[in-house]
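Heads up: the structure comes next, in structure tokens.
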Amino acid sequence: MGYISLYRKYRSQNFEEIVGQGHITTTLKNTISAGRIAHAYLFSGPRGTGKTSTARIFAKALNCENGPTPAPCNQCANCIAIAKDTLFDVVEIDAASNRGIDDIRDLREKVRVPPVQGRYKVYIIDESHMLTREAFNALLKTLEEPPPHVIFILATTERHKLPQTILSRCQGFEFRRIPPTVIREHLEKIAKKEKFKVDNDAMDTIVATADGSLRDAISVLDQLVSYSGGDVTLRHVHDVLGMIESNEIVEFVDALLSAGAGRCFELLEQFFNEGKSAARFLQLLLEHLRDIYFMHAGIKQETAVRGETKDKSSIERQAGKMSASLVAKMMDEIGRVEDRIRWETYPRIAVEVMIIKLLDMAGAGCGERHYDSGAEETEGAEEIVRGSGARRATVAEDKRRYKPAEALPELEGELTIEKVKLHWNAFIQEMKKKYLPTSFILLTSTPYELENDTFVVAYDSTQQFNKEQLQEQGNTQKVEEMLEKYFGRRLRLKARIVKTLTVEGRAPAAQPLARTKESTSLLDMLQEAFPGSEEI
């Protein structure tokens, strides 16, 4: 016989082997012992927590030749056939691929046929939330009054998608995420039986990655053993899963706090070059900042600080340099981007804009940073405060002020869209001096329309993220303020997606910014727009 994957080899064969779901297995065993067997059950909960395995064991307990019994023998012909998925009377249906009304009509015809080998015909409908509305309606009557020899078990990861009419006809069981300590203990047992070693840091990372799913944890362990040839280390975990190491996350946060934009983008470049996902980067960054926040709040949890002592010391060090409010604002920004990148054509651009915002937050101590390149300075000097670890400029308002550009001769007379296009690059340069992060959002835009007091900028269909950023109230107000100062007219700003957008009307220097190839990073565009800029 060929190789059997670990999650199949160690799949639970009786109720006692189901991991972390004692509240469900106890109820089902008591149900069988008391003869109170319902006609329909609903098993819901996260993936990899034992729903399908429990359904099979329940079917085995009902059809065991020594049963119905809460302890199937696993030796009789029926138990062995169910374990091998060859018992005619136990039918598993994948609702993701058999979701239509015709599939359910076929099922309704078959349920009338009495069991051939066992006592009960058991229908296990996996991913049941995928059934169509018409299929649910067709199933409803059968589910309500099935023949006495038929039992339905619906399994789903998304209980909320099932109609209330279906839920009310099933006895529901909610499977829980399996605690990390329980997953770890189970993996250690498997490793011992299979005679391979997994070091502590590697095991911690496997468990954390599984996110409560025992099946995921076992599958990852199986993959790592194949890769390493036997003994698994943390390096193997990072190589196989494409994860960024914790010390790289620490270094990234250090770069944020020291306003090291170059190092931040260098780490991001390295991250993408290794084929790692933006979603994973954001997740690990969120977890690290969460640990810092917990350190501030004095919260002690198992997940607060993971790994070696040096990781804890890094968290303590960085917690001393960041206020709790700064950490919270950074987490809010990262969480918002994490939610959006799944819909982005080029998630890298969204992450790069986020990094610029995080740098701005860290550098200004959560306040608004004003970039006064070329502005006049009067008496007094800039005071650099390093007590918090972040670079903050405390400058008296009357000692340094932003000065907008003097009105240009070409702007005299009626303001037209052609004049705006002509001076768009210069306008963005002025935006850069006062509101650098907001100016980045305008880099991929094009002046599109000016009618009455409404000014429209356009983005192509790949720039949905930047359009949404510009529409946020704070950014809109900043651009409108600068439009009035630069063009001498109060305008209402709007943003629009234009699928056929071209760079016609832009100054030649801005045309390279219209590139939408995935290989073009935000830094490339910034360097073209602001050559020689110290901030970049």
So what's the gap between the Cα centers of the range 415-457 and the range 63-120, to the nearest angstrom?
67 Å
Tell me, what % of the accessible area of the range 86-126 is carbon and sulfur with a 1.4 angstrom probe?
48 percent
Length gain on complete extension for the stretch residue 168 to residue 17, per 0.36 nm per residue less the alpha carbon to alpha carbon distance?
51.4 nm
So for R0 = 51 Å, FRET eff. of residue 329-residue 426 from the Cβ-Cβ r, to 0.05, ends up at 0.95
Expressed per residue, the solvent accessible area of the range 1-58 in Å² (1.4 Å probe) is about 45 Å²
Once residue 414 and residue 492 are pulled to full extension, the length gained, defined as 0.36 nm per residue separation minus their Cα-Cα distance, is 26.4 nm
Accessible solvent surface per residue of the range 164-255, calculated while the other protein chains remain in place, 1.4 angstrom probe, Å²
48 Å²
Residues of type lysines that residue 161 reaches as a straight line, Cα spacing below 16 Å, ignoring anything fewer than 8 places off in the same chain
none
Cα→Cβ-extended label distance, 7 Å offset, between residue 274 and residue 76, nm
5.4 nm
Scaled to the compact-protein estimate 2.2 N^0.38 Å, what is the alpha-carbon radius of gyration of the range 435-476, rounded to two decimal places?
1.14
With Rh as the Kirkwood radius over Cα pairs, the range 1-115 has Rg/Rh of 0.97
Electrostatic dipole magnitude of the range 89-174 [Cβ: Lys, Arg +1; Asp, Glu -1; Cα centre; debye, to 20]:
280 debye
With a Förster distance of 41 angstrom and the Cβ-Cβ distance between residue 233 and residue 97, calculated FRET efficiency to the nearest 0.05 equals 0.55
GluC sites (Glu not before Pro) within the range 142-205, DSSP loop, no more than 14 other Cβ atoms inside 10 Å:
158
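The values are calculated or read from the model by the stated rules, or taken from the named source; none is laboratory data. As the structure is a computational prediction, the values presented were derived from the model and not from experiment. Every residue, glycine as well, gets a Cβ built from its backbone with ideal geometry; the counts of neighbours run over all protein chains shown. Note: accessible area is taken over every heavy atom of the protein model, side chains too, but ligands, DNA and RNA are not part of it. Shrake-Rupley method; radii C 1.70, N 1.55, O 1.52, S 1.80 Å.
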